[in-house]
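Notes for the one structure printed next.
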Amino acid sequence: MEKIFSFIKEYKYIILGAILILLIVGGIELSTGRSFFGPDGKFGFWEADVWSSENSQRVADAYSFSHIIHGIAFYAFLWLVARRVPMKYRFLMALAMEGGWELLENSPIIIDRYRAVTISLGYVGDSVLNSVSDVLMVALGFYIARFSKFWVSVMLVILMEVGCLFWVRDNLTLNIIMLAYPLESIKDWQSVGHIAEKKEIPVKLYYYNPAKDQGPGGVQCTRAGLVAVDRIIPETTMPLTEAIKLLLRGEITADEKAQGVTSEFPLAGVTLTSATIVDGVATLTFDDPQNKTGGGSCRIAILWAQIEATAKQFPTVTSARFLPEELFQP
């Protein structure tokens, strides 16, 4: 116990620095709408199935080995370019580098890239818990490299890469290749043994029929005019995201138009950048570079009601919140 207290006393500023990096990464991700435990809101230590919706949401998973390799690689890189910097500061630099990657990895551009070109078709980004754990995995990899012989570190990297290759048909090397220069042959090989057929699920999109919302003076601009239309989307771990994105496209059939169904969607430039559900609250973050979500109170009330009703069809959603808060305001 005395040795532990002595270690903490000697490296207290490094420990505080590491904690600060973890808090910054977690805080930024929470502020951008990421949930702490993932879309299902459940805590878990381990998830072995890379095809599961719980992958990248728990403390550790098959990709944790890739982050241990990050730590070993960061140690080697910093030894090459900053060997005169004291080891304790290089350790913090490695954590900061991983923290930066975690923030980039969970940005819409990288999430969409994963979904488009890798086997992570339903990837919604890491939970905050998983991101913080990934940084800790880098700390583990850094210290493995620090206290091991060079050949031991190399063998561990090879073992983890080959092991994951045979275990889940994916590893850090393939991850880099598929992000930078995706190959269908690799993707097809990775998908062997997984159900190839695409499953679909029904959802409802809520559009507007002014004929159903008449009162004194004409159209009342209330939820009474909302009309549910049936649509089909690919099965996903986050159907809320796909349903809202489909709603924003404003695709109404000729038959629906003949029945009086209308919508101002699509709005030029308006996109959904993230969607999370925490304690029943769906937080929907939009991008509106052309300020198309403003206008009169009647118009905004209808747009708001359409999105909110579409979100609340899901049993885990009891209310909706829009970000930035100045959007969809009269």
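Name the single residue, out of those in the range 294-307 being touching a Leu at 6+ places or on another chain (Cβ under 9 Å) and at pLDDT 90 or above, that is surrounded by the fewest Cβ atoms within 10 Å (Cβ to Cβ).
Initial filter on the range 294-307 (touching a Leu at 6+ places or on another chain (Cβ under 9 Å)): 294-295, 302-303, 305-307.
Add one more test, that the residue is at pLDDT 90 or above, and what stays is 302-303, 305-307.
Numbers: I302: 22, L303: 21, A305: 18, Q306: 25, I307: 23.
The qualifying residue surrounded by the fewest Cβ atoms within 10 Å (Cβ to Cβ) is A305.
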Handout entry: Test result for F5, within 28 Å of T316 (Cα to Cα) and surrounded by fewer than 19 Cβ atoms within 10 Å (Cβ to Cβ)
Key = no
Practice task
Determine which member of the set Y114, Y89 is in a helix (DSSP H, G or I), within 19 Å of the chain's Cα centre (by Cα) and among the hydroxyl-bearing types (S, T, Y).
Solution key: Y114
Exercise for the section: Looking only at the range 87-107, decide whether some residue is within 26 Å of G280 (Cβ to Cβ), surrounded by 17 or more Cβ atoms within 10 Å (Cβ to Cβ) and modelled with pLDDT of 90 or more. Expected result: no
Handout entry: Test: residue in the range 235-249 that is under 28 Å from L30 (Cα atoms) and touching an Asp or Glu at 6+ places or on another chain (Cβ under 7 Å)
Key = yes
Practice task
Could you tell me which residue of the range 120-140 is modelled with the lowest pLDDT, considering only residues that are of a type in the set (V, I, T) and touching an Asp or Glu at 6+ places or on another chain (Cβ under 7 Å)?
Solution key: V128
Handout entry: Every residue from the range 211-238 that is of a type in the set (S, T, Y) and closer than 30 Å to G41 by Cβ
Key = T236, T237
Problem - Top-ranked residue in the range 203-228 [being free of Cβ contacts under 8 Å to residues at least 40 places away in the same chain and closer than 12 Å to A301 by Cα; ranked as nearest to the chain's Cα centre (by Cα)] - result: A224
Exercise for the section: Grab the helices (runs of 4 or more DSSP H) fully contained in the range 143-239, keeping just those with 3 or more residues being out of contact with any Phe, Trp or Tyr (no Cβ under 8 Å at 6 or more places or on another chain) and modelled with pLDDT under 90. Expected result: 184-190
Problem - Considering residues of the range 55-89 that are among the charged types (D, E, K, R) and in contact (Cβ under 8 Å) with a residue 24 or more places away in the chain only, the residue farthest from I24 (Cα to Cα) - result: D61
Fill in the blank from the handout: Per the filter on the range 285-307, residues within 21 Å of the chain's Cα centre (by Cα) and closer than 22 Å to C221 by Cα are I307
Exercise for the section: From G44, G38, grab the single residue that is surrounded by fewer than 21 Cβ atoms within 10 Å (Cβ to Cβ) and either assigned by TED's automatic domain parsing to the domain that holds F142 or of a type in the set (K, R) (or both). Expected result: G44
Exercise for the section: Looking only at the range 250-265, decide whether some residue is out of contact with any Pro (no Cβ under 8 Å at 6 or more places or on another chain), part of a helix (DSSP H, G or I) and aliphatic (A, V, I, L, M). Expected result: yes
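Tally up the residues in the range 29-54 that are among the acidic types (D, E), touching a residue at least 60 places away in the same chain (Cβ under 8 Å) and in a loop (DSSP other than H, G, I, E, B), please.
0
The values are calculated or read from the model by the stated rules, or taken from the named source; none is laboratory data. Keep in mind that this is a model prediction, so the values were computed, not measured. FYI the Cβ positions are ideal-geometry reconstructions off the backbone, even for glycines, and counts take in every protein chain you see.
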